[in-house]
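Here, each number is a calculation from the coordinates, and none is a lab measurement. Just so it is clear, the model here is predicted, and its values are computed rather than measured. Quick reminder, even Gly has a Cβ in these numbers, built from the backbone with ideal geometry, and neighbours come from all protein chains shown.
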Amino acid sequence: MAKKPQKRIKHVPQRTCIGCRTVLAKKELVRVVRTPEGVRIDPTGKAAGRGAYVHKIRSCWEQAIKGPINHALKMELTAEDRQILIEYMNQLTQKEPTFDETTQNGTSEQT
Ligand SMILES: [Zn+2]
């Protein structure tokens, strides 16, 4: 029996980025929702409908739009849907988000 880690971790909802398949906190991802009018970006994460999550990284959107998003939303993207996603993607930067490494001081040189 594996012991549960004793760390005090708040329960953070986690989702998988459909672009790179990384699991991470929901707030790091952007939700795409399937509505009767088509696919929309859902900044609140609360819109009704089947949703998929993608990193705020351009490369993940490129990857997602190629195929996984059809699967995740259980639909075929229309040209219009694709356009909405591409427009969103185009406002993202190419680089990956920066991680907080302010207090990472693992190696200390001793002389
Ligand atoms: Zn990703």
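Going residue by residue through region 49-62, is there one that turns out to be over 13 Å from the mean Cα position of the chain (by Cα) and either on the phi < 0 side of the Ramachandran plot or surrounded by fewer than 19 Cβ atoms within 10 Å (Cβ to Cβ) (or both)?
Checked region 49-62: at least one residue is over 13 Å from the mean Cα position of the chain (by Cα) and either on the phi < 0 side of the Ramachandran plot or surrounded by fewer than 19 Cβ atoms within 10 Å (Cβ to Cβ) (or both).
From the set of residues in region 51-60 that are out of contact with any Pro (no Cβ under 9 Å at 6 or more places or on another chain) and among the small types (Gly, Ala, Ser), which is nearest to the ligand (Cβ to nearest atom)?
Only one residue tops the list, namely Ser59.
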